[in-house]
Amino acid sequence: MTKLKDPKDLLLAAIFAAFAAVTFIEGRELEMATARAMGPGYFPKMLALILLLIACALAIRSFFGNLAESKPKPSIRVIASIIGAALLFGILIRPAGLVISIIVSVIVSGFASDGFQWKSSLLTGAVLAAGSSIIFIYLLGQPIPLFGEFF
Amino acid sequence: MELLDQLLLGLSTAATLNNFLYCLAGCVLGTMVGILPGVGPAPAIAMLLPMTFTLDPAGALIMIAGIYYGAQYGGSTTAILVNLPGESSSVVTAIDGHQMARQGKAGLALQVAAIGSFVAGCFATLMIALFAPILTAAALRFSAPEYFSLMLLGLIASIVLAHGSVMRAIGMCVLGLLIGTIGIDLTTGTHRFDFGMIDLSDGIDIVAVAVGMFGLGEVIHELQNGPSNRKANSVPFRDLIPRFSLLRPAVKPIIRGSLIGSVLGILPGGGALLSAFASYAVEKKLAKDPTRFGKGAIEGVAGPESANNAGAQTSFVPLLTLGLPSNPIMALMAGAMIVHGLQPGPAIARDQPEIFWGVIASMWIGNLMLLVLNLPLVGIWVKLLSVPYKMLYPAILIFCGIGVFTLNNSAFDIYVMVFFGLLGYVFRILGAEPAPLLLGIILGPIMEENLRRAMLMGRGDPMVFIERPISATLLIIAILALIIVAIPAVSRKKDVALQEERPANHQFEES
């Protein structure tokens with residue numbers, strides 16, 4: 001019985017295969033047409049096919065290739081708070097405006113570092129909100145809502 | 001003399017008060033970015049790109065270029081004083097530069113780095129001025145098959161130079177091309193892969209992808225690796241006054257580094273990082289006593305520092321002449337040009353010489369500014385290092401968000417950024433580099449268009465790529481490169497060369 005040697009290759013193969021599958025499903029109605037006059041489906045489906053082949057090769061290699069060294073586990077707390085902060089920024093920017101979305105995302109992102117403190121997070125948020133409003137809205141004249149549609 | 005006329009035209013564009021100030025702003029921002037560890041030039045340019053949208057095209061490009069080569073200068077300062085490369089191509093400088101600093105020769109190391117960078121920058125500017133017109137002339141005669149083969153060569157070069165497994169890099173590149181097909185098909189007007197979302201019909205914005213992968217990805221990565229020691233060695237001011245007797249051994253390495261960097265920068269897929277590594281290897285080979293390297297050899301600072309600066313500058317050549325971005329930063333530059341209504345490629349030098357030559361001349365002016373900014377003011381820059389990362393990363397996060405939002409004034413781009421930030425982080429854990437993916441996304445639509453045209457020209461016969469001599473040559477080079485790295489012995493050597501003495505936490509960032 002062969003054992004899994006490199007889980008990274010297998011996971012990568014799964015991601016690639018998933019993208020290829022989505023291409024085939026989403027693109028099922030796109031015409032291939034001929035090589036001479038290619039339709040909108042030709043190029044993407046060819047790429048998806050190549051990607052699928054690479055995924056297969058990686059999957060095979062993950063069982064027969066060299067043994068990979070294991071790496072330290074990523075911290076879910078860091079990833080969740082950074083991704084969450086960026087996502088909240090996007091969700092809040094239109095309805096709540098720049099100032100509030102900055103303060104909220106700075107607080108959420110604060111959970112990523114060891115030793116979260118309300119005081120320093122609020123202070124950093126306030127400074128960044130003031131600074132960004134001055135730079136981006138007043139000096140550069142970017143059309144960003146200072147306070148959003150809620151207000 | 002035609003070249004002189006063109007350089008004069010460039011100087012007259014670059015020396016206007018506005019462009020001079022944009023160049024200064026770019027250099028100052030670049031130096032800051034280079035010094036701050038955890039903020040590489042790619043996310044910095046991506047974050048600051050929206051600020052340049054209000055400028056005229058020449059000013060915007062001058063500023064972005066300044067950020068890029070400014071970062072090469074700044075990166076060396078932290079590499080020498082703190083042993084923390086501010087950006088990836090200074091990794092090599094840290095090896096001997098920091099040893100020099102520990103032996104009390106920090107001032108000399110900084111001088112060599114700054115002067116070497118300046119000399120290399122001037123040399124590279126001249127090289128660009130000489131070779132760009134030749135490449136432009138050649139590129140103007142290219143048609144669809146040549147363009148397709150050229151793009152393929154560019155992509156394969158990025159695969160060959162990617163760190164780690166070749167198979168993974170090919171997968172990343174193909175995935176990038178696939179993501180590039182999202183949006184309305186230009187030839188037929190068909191909607192493709194937009195999942196019913198109107199926001200996707202214009203395709204995915206490359207800047208949002210780059211900010212996600214480099215900006216957010218870098219923040220997550222830095223936070224996981226814990227706080228690093230940022231205590232800087234101090235430098236007395238009198239140590240910063242150049243003395244030729246001490247600088248003498250650096251003269252030849254600077255000249256060699258400038259040459260190596262200028263050549264490697266022009267290659268598709270090349271740039272600052274590759275140039276620095278190559279120069280270090282050459283200096284070590286040529287040295288009478290190679291054991292001094294790693295223990296504070298002045299050549300180990302002079303060569304790579306000159307090379308990375310020259311490489312950073314000449315990597316503009318493929319973009320400005322062939323329309324081929326050779327690394328993620330050039331991909332962002334291409335994005336900026338498109339926003340300003342300029343199609344990257346040979347037509348710029350022909351139709352808008354003042355922009356083309358203005359950017360080139362501004363590089364020379366910028367290098368002079370950087371010399372003044374860096375040597376006497378080094379003490380001020382080092383102060384930046386005392387900003388704790390705890391306060392820095394929320395700011396990076398916010399600037400990423402604002403930058404991406406202002407691209408199209410839409411929150412959708414922020415979601416794209418988040419998606420690719422997460423995806424990029426997963427890829428990084430899985431040992432797949434993002435550079436080939438990014439190049440694939442930007443080259444995808446152009447490649448498809450040229451492939452279709454070429455196949456139409458060849459009446460459906462792929463022989464069209466082989467029958468045309470230029471296209472055939474480009475393809476042969478691409479295939480050879482791929483075969484060479486696929487040979488196990490070479491691929492092991494490549495990894496050693498790219499990994500040797502490289503601190504684990506900075507191998508990711510492009511250049």
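Here, each number is a calculation from the coordinates, and none is a lab measurement. Source: prediction; values computed, not measured. All Cβ positions, glycine included, derive from the backbone under ideal geometry; neighbour counts span all protein chains shown.
Along region B:365-374, what does the Karplus equation 6.51 cos²θ - 1.76 cosθ + 1.60 (θ = phi - 60°) give for ³J(HN,Hα), rounded to whole Hz, x for Gly and Pro?
Values per residue, Gly and Pro as x: 4, x, 5, 5, 4, 5, 4, 5, 5, 8 Hz.
Using the Kirkwood radius over C-alpha pairs as Rh, can you work out the diffusion coefficient of chain A via Stokes-Einstein at 10 °C, viscosity 1.306 mPa s, in µm² per second?
Working: Rh = 19.9 Å.
In µm²/s, the coefficient rounds to 80.
Could you please report the charge total around residue B:53, scoring K, R as +1 and D, E as -1 over all other residues with beta-carbon less than 15 angstrom from its beta-carbon?
Local net charge: -3.
Show me the trypsin sites (Lys or Arg not before Pro) within region A:1-103 that DSSP assigns to loop and that have at most 16 other Cβ atoms within 10 Å of their Cβ.
Passing both the DSSP loop test and the Cβ count: A:3, A:5, A:28, A:36.
Calculate I(q)/I(0) for region A:7-64 by the Debye formula, one identical point scatterer on each C-alpha and no solvent, and give its log10 at q = 0.12, 0.16, 0.18 Å⁻¹ to two decimals.
The computed values of log10 I(q)/I(0) come out as -0.33, -0.52, -0.61.
Dipole size in debye (nearest 20) for region B:253-342 around its Cα centre, Lys and Arg Cβ +1, Asp and Glu Cβ -1?
Working: 6 positive and 4 negative charges, 53 e Å.
That gives a dipole near 260 debye.
Each label point is 7 Å from the Cα along the Cα-to-Cβ direction; what then is the distance between the points at residue B:131 and residue B:199, in nm?
Using points 7 Å along Cα→Cβ, the separation is 4.2 nm.
Put +1 on the Cβ of every Lys and Arg and -1 on every Asp and Glu Cβ in chain B; which of B:11, B:438, B:219 then has its Cα farthest towards the positive end of the dipole?
Positive-most Cα among the choices belongs to B:219.
Would you mind getting me the FRET efficiency between residue B:18 and residue B:339? Use the beta-carbon distance for r and R0 = 25 Å, nearest 0.05.
0.85
Could you state, as a whole-number percent, how many of the C-alpha pairs of region A:76-139 are farther apart than 12 Å?
So the portion of pairs separated by more than 12 Å is 66 percent.
Evaluate 2.2 N^0.38 Å with N set to the residue count of the protein assembly as shown, then give the Cα radius of gyration divided by it.
0.93
How big is the charge dipole of region A:1-128 about its Cα centre, in debye rounded to the nearest 20, if each Lys and Arg gets +1 on its Cβ and each Asp and Glu gets -1 on its Cβ?
200 debye
So what's the gap between the Cα centers of region B:403-474 and region B:279-341, to the nearest angstrom?
A separation of 23 Å, based on Cα centres.
When N is the residue count of chain B, what does its C-alpha Rg come to as a fraction of 2.2 N^0.38 Å?
After normalising by residue count via 2.2 N^0.38 Å, the value is 0.92.
From other protein chains only, count the Cβ atoms within 10 Å of every residue's Cβ in A:50-63, then give the mean.
Per-residue shielding by partner chains comes out at 3.
In percent, what relative contact order does chain B have, based on Cα pairs under 8 Å that are 6 or more apart in sequence?
Over chain B, the number comes to 29 percent.
Could you grab the relative contact order for region A:7-64? Cα pairs under 8 Å, six or more apart, rounded to a whole percent.
RCO, region A:7-64: 50 percent.
Please list, by residue number, every one of the trypsin sites (Lys or Arg not before Pro) in region B:271-374 that is coil in DSSP and has at most 16 other beta-carbon atoms within 10 Å. It would help to have the intermediate numbers written out before the result.
On the way: sites: B:284, B:285, B:288, B:292, B:295, B:350; in loops: B:288, B:295.
Listed in order of number, the matching sites are B:288, B:295.
For the charge dipole of chain A, defined by +1 on Lys and Arg C-beta atoms and -1 on Asp and Glu C-beta atoms about the Cα centroid, which residue among A:125, A:138, A:44 has the Cα displaced farthest towards the positive pole?
Sorting the options by dipole projection puts first A:44.
Quote the FRET efficiency, to the nearest 0.05, computed for residue B:9 versus residue B:429 with a Förster distance R0 of 45 Å and r equal to the Cβ-Cβ distance.
Calculated transfer efficiency: 0.35.
How much length is gained on full extension from residue B:186 to residue B:292, taking 0.36 nm per residue of separation minus their Cα-Cα distance? Intermediate values should be presented prior to the final figure.
On the way: separation 106, 0.36 × 106 = 38.16 nm, distance 5.78 nm.
Gain on stretching residue B:186 to residue B:292: 32.4 nm.
Using R₀ = 41 Å, calculate the FRET efficiency as 1/(1 + (r/R₀)^6) where r is the Cβ-Cβ separation of residue A:127 and residue B:368; round to 0.05.
Details: r = 35 Å, r/R0 = 0.84.
For residue A:127 and residue B:368, the calculated efficiency is 0.75.
Would you work out the charge dipole size for the protein assembly as shown about its Cα centre, treating the Cβ of every Lys and Arg as +1 and the Cβ of every Asp and Glu as -1, and quote it to the nearest 20 debye?
For the protein assembly as shown, the charge dipole is close to 1920 debye.
Per residue, what volume in Å³ does the convex hull of the Cα atoms of region B:366-439 enclose?
In region B:366-439, the Cα hull volume divided by residue count equals 175 Å³.
I'd like the distance between the alpha-carbon centres of region A:51-130 and region B:122-175, rounded to an integer number of Å.
Region A:51-130 and region B:122-175 have Cα centres separated by 33 Å.
Using only DSSP helix segments of four residues or longer, with each worth -39500 (n - 2.57), what per-residue ellipticity at 222 nm results for chain B after dividing by its residue count and rounding to 500?
When only DSSP H runs of four or more count, the value is -22500 deg cm²/dmol.
Within region B:107-208, list the trypsin sites (Lys or Arg not before Pro) lying in a DSSP loop whose Cβ has at most 12 other Cβ atoms in a 10 Å radius. Each step should come with its number before you reach the end.
On the way: sites: B:141, B:168, B:192; in loops: B:141.
Qualifying residues, ordered by number: B:141.
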